[in-house]
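Working notes for the structure below.
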Amino acid sequence: MISWKEVLRLKKETHPDFIFVRRNNSHFMDFFWRVNNFCCEAQNSEIRLKINCIGERSGSAKRSGTRMLNSTTFLQVHTPPVKAFYSDHFVLPLPQGHRFPMQKYRMLRDGVAAELPRVSFEEAPYTTDGVLALAHHPLYIERVSHGLLSDKEQKAIGFPWTPQMVERSRRSSGATISACRAAFDSGVAVNLAGGTHHAYADHGEGFCIFNDAAIAARLMQAERRARRVAVIDLDVHQGNGTAAILANDDSVFTFSVHGQNNYPFAKETSDLDIALPDGVEDDEYLASLKEGLDTLFSRFAPDLLIYLAGADPHEGDRLGKMKLTLAGLAARDRMVFDRARERGLPVAVAMAGGYGKNIQDTVAVHLQTIAIASTYAGTAGLEQTASAE
Ligand SMILES: [Zn+2]
């Protein structure tokens, strides 16, 4: 429960036109209702929102079915903490001078702890072989686990093999899995790493070993939390591994917006690809993204979004060839969350890449994404306790 003041703040700060209602103990989005015209009243010591509502099924296969609720519904309101799953303390040892900015993850966690009090931290769980096998060949899992990859394969990944590398990769996948599960409860949750989208079923590359988004999407389906999942990949590099793993899977929609001249140079085919030229700026990027999201939601009705919020489209990135500003990236994030909010969709966020000339810039972009995500969580996850249907 939250205080009366908090209810008023919530009403003022979040979208005043509607809130989402979720029935108790429901995992499926069928039970999200869009409501409007809500007002606050206090009864006994409980804070309740009394709402006049127009119910509309959204975010599910049954979207066409509209149901009207009668006059009032009472809600118990709570603002759930936004869960952030971390794995940076499972240190992946790198030789001195290695170009991967490993320290960004710890800096990000420190930044979130300092600036976003609504975010709560949980250690990322370990991912077992059986779960990894939802997206990877068993032989690849075994060869990675026991350090049996060839020098060439290890070089393509870009990290030297160590047991810690395997542990951390399993934990990072576990963080995306946990973020997906938590998003069904509170609307949004984040993995403070992940987005390892260059990992294929049978090999890794580009600092990616296991494909967390593909694994998590498949596991949410296996756990019957979601029927259809959309992966929205806004890292500057194409999600080639994700596209390849899910190429023949109609239940997962892969959408990638990337630099046409950025790695990988041979692109895979996602369900929707938007390749942008070098030097693209905020306006052009955002117009393309808007068009892409329109296309995605016209072709596909997901139950869950997995959002790879790469920081490498930023103008200060060493590798990305785009020129997005910090404000442009905020608009990007809001566009994704607004679309999710309109449809009552849970969102699991993974960080993906970021290689700023100044590492602080990369951390600032990621931190901004989590700050925006956490405001989105405030409008989801309301708990319906009684209904006068
Ligand atoms: Zn990237």
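The values are calculated or read from the model by the stated rules, or taken from the named source; none is laboratory data. Computed from a predicted model, the values in this text were never measured in an experiment. Using ideal geometry, Cβ is built from the backbone for each residue, glycine included, and neighbour counts are taken over all protein chains shown.
Can you pull out every residue in region 216-233 that is of a type outside the set (Gly, Ala, Ser) and out of contact with any Ser or Thr (no Cβ under 8 Å at 6 or more places or on another chain)?
Passing the criteria: 218, 219, 220, 223, 224, 225, 232.
Only residues that are within 12 Å of the ligand (Cβ to nearest atom) and either within 20 Å of the chain's Cα centre (by Cα) or not in a loop (DSSP other than H, G, I, E, B) (or both): list them for region 243-264, please.
256, 257, 258, 259
Enumerate the pairs (first residue in region 193-222 and crowded, with 22+ Cβ neighbours inside 10 Å; second residue anywhere and part of a helix (DSSP H, G or I) and of a type in the set (D, E, K, R)) with beta-carbon separation below 8 Å, excluding pairs fewer than 6 apart on the same chain, so at least 6 apart or on different chains.
Listed by first residue and then by second, the contacts come to 194/212; 195/212; 196/212; 204/153; 210/170; 220/181.
What residue, of 304, 324, is within 16 Å of the ligand (Cβ to nearest atom) and in contact with a Pro (Cβ under 7 Å, 6 or more places away or on another chain)?
Every option except 324 fails the conditions.
Considering region 287-303 alone, what residues qualify as being crowded, with 16+ Cβ neighbours inside 10 Å and farther than 18 Å from residue 352 by Cα?
292, 293, 296, 297, 300, 301, 302, 303
Quick grid of which residues meet (1) touching a helix residue (DSSP H, G or I) at 6+ places or on another chain (Cβ under 8 Å); (2) charged (D, E, K, R):
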| residue | (1), (2) |
| --- | --- |
| 235 | no, yes |
| 243 | no, no |
| 246 | yes, no |
| 253 | yes, no |
| 267 | yes, yes |
| 277 | no, no |
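When residues of region 79-98 are filtered for being small (Gly, Ala, Ser) and over 29 Å from residue 120 (Cβ atoms), how many remain?
The total comes to 1.
Can you pull out the residues in region 157-172 that are assigned to a helix (DSSP H, G or I) and touching a strand residue (DSSP E or B) at 6+ places or on another chain (Cβ under 9 Å)?
157, 169, 171, 172
Scan region 345-360 and give yes if some residue there is modelled with pLDDT of 95 or more and touching a Phe, Trp or Tyr at 6+ places or on another chain (Cβ under 6 Å), otherwise no.
So far as region 345-360 goes, yes, one or more of its residues are modelled with pLDDT of 95 or more and touching a Phe, Trp or Tyr at 6+ places or on another chain (Cβ under 6 Å).
Being surrounded by 24 or more Cβ atoms within 10 Å (Cβ to Cβ) and more than 14 Å from the ligand (Cβ to nearest atom) is the filter here, so list the residues in region 308-321 that pass it.
none
Restricting attention to region 267-282, report how many residues are among the aliphatic types (A, V, I, L, M) and either free of Cβ contacts under 8 Å to residues at least 24 places away in the same chain or not assigned by TED's automatic domain parsing to the domain that holds residue 251 (or both).
Number satisfying all stated conditions: 1.
Go through 340, 330, 364 for me and flag whichever is of a type in the set (Gly, Ala, Ser), modelled with pLDDT under 95 and away from the ligand (no atom under 14 Å from the Cβ).
340
Taking the condition of being assigned to a strand (DSSP E or B) and either away from the ligand (no atom under 15 Å from the Cβ) or within 20 Å of residue 369 (Cα to Cα) (or both), how many residues in region 275-301 meet it?
0
Could you tell me which of the residues 134, 108 is at pLDDT 95 or above, part of a loop (DSSP other than H, G, I, E, B) and assigned by TED's automatic domain parsing to the domain that holds residue 356?
134
Could you tell me which residue of region 343-361 is nearest to the ligand (Cβ to nearest atom), considering only residues that are outside any strand (DSSP E or B) and closer than 24 Å to residue 181 by Cα?
353
For region 137-156, state whether one or more residues are in contact with a strand residue (DSSP E or B) (Cβ under 8 Å, 6 or more places away or on another chain), closer than 30 Å to residue 302 by Cβ and in a helix (DSSP H, G or I).
No, every residue in region 137-156 fails to be in contact with a strand residue (DSSP E or B) (Cβ under 8 Å, 6 or more places away or on another chain), closer than 30 Å to residue 302 by Cβ and in a helix (DSSP H, G or I).
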